[in-house]
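The values are calculated or read from the model by the stated rules, or taken from the named source; none is laboratory data. Source: prediction; values computed, not measured. Because the Cβ atoms are built from the backbone with ideal geometry, glycine has one as well, and the counts that use them run over all protein chains shown.
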Amino acid sequence: MFAARSALRSAAPLRQGFASSRLFSSSSIVNKNVAVLGASGGIGQPLSLLLKNDPLVTELRLFDVRLAPGVAADVSHVNTPAITTGFSPENDGLKKALTGADIIVIPAGVPRKPGMTRDDLFNTNASIVRDLAKTAAEVAPKAHMLIISNPVNSTVPIVAEVYKKAGVYDAKRLYGVTTLDVTRASTFLSGIAGLKPSEVIVPVVGGHSGVTIVPLLSQAGSASSSVSAGEQYEKLVHRIQFGGDEVVKAKDGAGSATLSMAYAAAVFTNSLLRAVNGESGVKECAYVESPLYKDQGATFFASPVSLGKNGVEDIHPIGNITGEEQKLLEAALPELKKNIEKGVSWVAENP
Ligand SMILES: NC(=O)c1ccc[n+]([C@@H]2O[C@H](COP(=O)([O-])OP(=O)(O)OC[C@H]3O[C@@H](n4cnc5c(N)ncnc54)[C@H](O)[C@@H]3O)[C@@H](O)[C@H]2O)c1
Ligand SMILES: O=C(O)C[C@H](O)C(=O)O
C-alpha cells in the first residue's frame, strides 16, 4: 500500500507547473484544515476519502444535511494523519465545521438527470450554495472557496455576491472547479494520440457547461497534431464539451459524474494546498473572477492560473489560438455572460 501511495505522489507532470494529472504531491507539511460541504453525496464521499489520503490535509471536516457523521466515522479509520470529524446541521454543525477551515470544497446540491441542462439545477442549487456561502463568509471569511455545485458558471458569481455583501470578498480565494474538463480532455486526446494521459495536458478555458467549455487542443504539445481540424477534431471538441452528458446518460437517472469529479477536485485541492504551503510554479485551470474577457461581460472566466500562498497569483491570457478555437470562444462568451448575470441578479433579488 505504501509503495502504491508514494508512486502516486511521485508522478511528475509533463509541462512545468501544470499539475492536473497527478495525485498526490507533497512539499513540506503545514497544518491545513479542509472542510467538505455535501460530504455524504456521490462526489462528497469519494472526495472525502481522497482528501483523507492527501498528506497535506491535517484536518478534515465533513458536513452534510444527512449522514455526515457516518461518512466521517468510516473515513476516519483510514490510517493517514488527517483528523476527520463529521457534522450535521443540528447544534450549529455548519459553523463548527467551518470554523478554522483553510479550504472549503462545496459539492452540495442536486445533480442532473438525463434531458436536463446544468442551468436546470439553478433553482435548487442557487439557494443551497448561497446559504452555505453566507455561513462561510461569517465564520471562515479567509478560507479558499472551491465551488463544484452546478451550474458552476452561475454559482461562483453567487458566492462572490454573498461575500461582497458581507464585506469579505477576496477574488483571489474563490474558484469554480473546472479540473474535470481538463481531466477529460487529457483522457480523450491521449487515447487518440496513443500517448500516456499524464503526458497530455490540454488547457480548457471559458466556463463549465456545453459550449462555454473551450478546449485549446492546439496547446496540447505533441498530441495537438493528432487532431487539428475536420470531423475528428469536431467530435473530440464535442466530447469534451458534453462529457458530462455522456456520464449522465450512462448513469440513466442515477446522477452525474461523481468518481472522476472527486478525483479532479482532489487534484485541484492538492495543487492549492501545495501553493498555499509555499511551493512555487503551481498552475491549474480554474473559473475565477478575471479581467480577460470582462469587456464582453464574462467577468468570470476559466483559464490557466498560477496559484500562490494567497490563492490566485496570476491569471494567464489564453495565448495563441487557432481559427476554430476562436470560433469556440466566440460561441462561449455570450452564454457565459448570460449565466453570470443570472447568478448576480438572482442573488440581488434573493439575498
Ligand atoms: N464542477 C463540476 O465539474 C461538477 C462535476 C460533477 C458534478 N457537479 C455538481 O456537483 C453537485 C453534487 O453532485 P453529486 O453527484 O455529489 O450529488 P448528490 O446528490 O449525490 O450529493 C449532493 C449532496 O449534497 C447534500 N446537500 C444538499 N443540500 C445541502 C446543504 N444545504 N448543505 C450540505 N449538503 C447538502 C446532499 O445531502 C447530498 O449528500 C451537483 O450540483 C452536480 O451537478 C459538478
Ligand atoms: O454533467 C454534469 O451535470 C456534472 C458535471 O458538471 C460534469 O461535467 O460531469
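A few comments on the model shown:
- Hey, residue 306 closer than 23 Å to residue 189 by Cα and among the polar types (S, T, N, Q) or not: no
- The set of residues from the stretch 77-119 being among the acidic types (Asp, Glu) and within 16 Å of ligand 2 (Cβ to nearest atom) comprises just one member, 119.
- Residue pairs meeting the criteria (Cβ under 6 Å; at least 6 apart or on separate chains; first at negative phi, in the stretch 76-100; second aromatic (Phe, Trp, Tyr)): 87/63; 93/87; 94/63; 96/87; 97/63; 97/87
- Residue 46 vs. criteria at pLDDT 95 or above, surrounded by fewer than 22 Cβ atoms within 10 Å (Cβ to Cβ) and within 16 Å of ligand 2 (Cβ to nearest atom): yes
- Which listed residue is in the same structural domain as residue 46 (by the TED database), in a helix (DSSP H, G or I) and in contact with a Leu (Cβ under 8 Å, 6 or more places away or on another chain), from 110, 159: 159
- Scanning the stretch 190-219 for residues that are small (Gly, Ala, Ser) and either within 16 Å of ligand 1 (Cβ to nearest atom) or in a loop (DSSP other than H, G, I, E, B) (or both) yields 194, 206, 207, 209, 210.
- Among all residues of the stretch 133-151, there is at least one that is more than 14 Å from ligand 2 (Cβ to nearest atom), touching a residue at least 60 places away in the same chain (Cβ under 8 Å), in a strand (DSSP E or B) and of a type outside the set (A, V, I, L, M, F, W, C).
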